[in-house]
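**Student:** I'd like to ask some things about the structure below.
The values are calculated or read from the model by the stated rules, or taken from the named source; none is laboratory data. The shown structure was predicted, so the numbers you read here are calculated from the model rather than taken from an experiment. So basically every Cβ, Gly included, is an ideal-geometry build from the backbone, and we count neighbours across all protein chains shown.
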Amino acid sequence: MQACKRATGLRPIESLLRSGLLDERWCLVHCTHATRDELAGIAASRATVCVSISTEANLGDGLFDAPGFLRAGGRLCIGSDSQSTVDPAEELRWLEYQQRLRRRRRIVLATATEPHVGTRLWRAAAAHGAQALGQPVGEIAVGRRADWIVLDGDHPAMAGAQPESALDHLIFAGGAAAIRDCMVAGRWVVKDRRHPQEAAVRERFTALLHRASPPPIERR
């Protein structure tokens, strides 16, 4: 940021906004240091913002002003920048939880028309993630790619879930453990919680981490 200000006299997002380049084809990542005016400008441009809560927490990179951005009509999606974890439910859970901690109240990102935080966040992330990717995904509809998950209604994490609250269970009640099947582009890649290449991938991944790990430090 400081280098950009020295070179242009402007903050990075401020510079982009003044350039007139931002539109719905852009996706800005993190934006944890954006000002209120910058977030309003991004929202007006119809660009998306991709937040990666686990990465931002890992780096100590600050809190994104999700309530302010969403109030301005912003389009928000999620990612997993550092890949320390890859769990959309976790990213969305902490998107809400960090705002609860910041504001010391519950249910921050719900609205009068969508009182279920889980439903609002999942649908928004899916729709705006599709926009950021430029792919026909993000909803179950004609012409959209069949990328689906199936939740096990008998799993304890889903106990008491109703259709309108199922995504709350997925995000806030450990419901990720209830994901039974996963379809990508119309093809089942996980059935009954098993991927056909799970064992081989685990073995290769473990071997790679061992090779990448530094040698132990000898202590005397």
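**Student:** Provide a single number: the residues in segment 42-68 that are over 15 Å from the mean Cα position of the chain (by Cα) and within 11 Å of residue 31 (Cα to Cα).
**Tutor:** Qualifying residue count, segment 42-68: 3.
**Student:** Which members of segment 1-57 meet the condition of being touching a residue at least 40 places away in the same chain (Cβ under 8 Å) and hydroxyl-bearing (Ser, Thr, Tyr)?
**Tutor:** Matches in segment 1-57: 48, 54.
**Student:** Something else about it: Out of the residues in segment 87-139 that are part of a loop (DSSP other than H, G, I, E, B) and among the aliphatic types (A, V, I, L, M), which is farthest from residue 62 (Cα to Cα)?
**Tutor:** Looking at residues that are part of a loop (DSSP other than H, G, I, E, B) and among the aliphatic types (A, V, I, L, M), I get 137.
**Student:** Only one residue in 179, 171 is surrounded by 11 or more Cβ atoms within 10 Å (Cβ to Cβ), touching a Gly at 6+ places or on another chain (Cβ under 6 Å), closer than 24 Å to residue 78 by Cα and not small (Gly, Ala, Ser), so which one is that?
**Tutor:** 171
**Student:** Among the candidates 148, 188, which residue alone is among the aromatic types (Phe, Trp, Tyr) and either in contact with a Cys (Cβ under 6 Å, 6 or more places away or on another chain) or touching a residue at least 24 places away in the same chain (Cβ under 8 Å) (or both)?
**Tutor:** 148
**Student:** What are the residues in segment 14-43 that are under 25 Å from residue 80 (Cα atoms), out of contact with any Leu (no Cβ under 7 Å at 6 or more places or on another chain) and of a type in the set (A, V, I, L, M), if any?
**Tutor:** Matches in segment 14-43: 28, 29, 34, 39, 40, 43.
**Student:** Can I ask one more? Could you please let me know if residue 189 is of a type in the set (A, V, I, L, M, F, W, C) and either in contact with a strand residue (DSSP E or B) (Cβ under 6 Å, 6 or more places away or on another chain) or at pLDDT below 95 (or both)?
**Tutor:** Yes; evaluated as a whole, the condition is true for this residue.
**Student:** If you take the residues in segment 1-47 that are among the hydroxyl-bearing types (Ser, Thr, Tyr) and either assigned to a helix (DSSP H, G or I) or not assigned by TED's automatic domain parsing to the domain that holds residue 63 (or both), which one is surrounded by the fewest Cβ atoms within 10 Å (Cβ to Cβ)?
**Tutor:** Going through the qualifying residues, I end up with 19.
**Student:** Shifting gears a bit: From the list 207, 176, which residue is within 22 Å of residue 83 (Cα to Cα), outside any loop (DSSP other than H, G, I, E, B) and touching a helix residue (DSSP H, G or I) at 6+ places or on another chain (Cβ under 7 Å)?
**Tutor:** Being within 22 Å of residue 83 (Cα to Cα), outside any loop (DSSP other than H, G, I, E, B) and touching a helix residue (DSSP H, G or I) at 6+ places or on another chain (Cβ under 7 Å) holds for just one of 207, 176, which is 176.
**Student:** For segment 56-79, name all the residues that are small (Gly, Ala, Ser) and surrounded by fewer than 17 Cβ atoms within 10 Å (Cβ to Cβ).
**Tutor:** Passing the criteria: 57, 60, 62, 68, 72, 73.
**Student:** Let me ask another. Report, ordered by the first and then the second residue, all pairs with beta carbons closer than 7 Å, sequence separation of six or more or different chains, a first member in segment 192-220 that is within 30 Å of residue 181 (Cα to Cα), and a second member that is aromatic (Phe, Trp, Tyr) and surrounded by 10 or more Cβ atoms within 10 Å (Cβ to Cβ).
**Tutor:** Correct list of pairs: empty, since none qualify.
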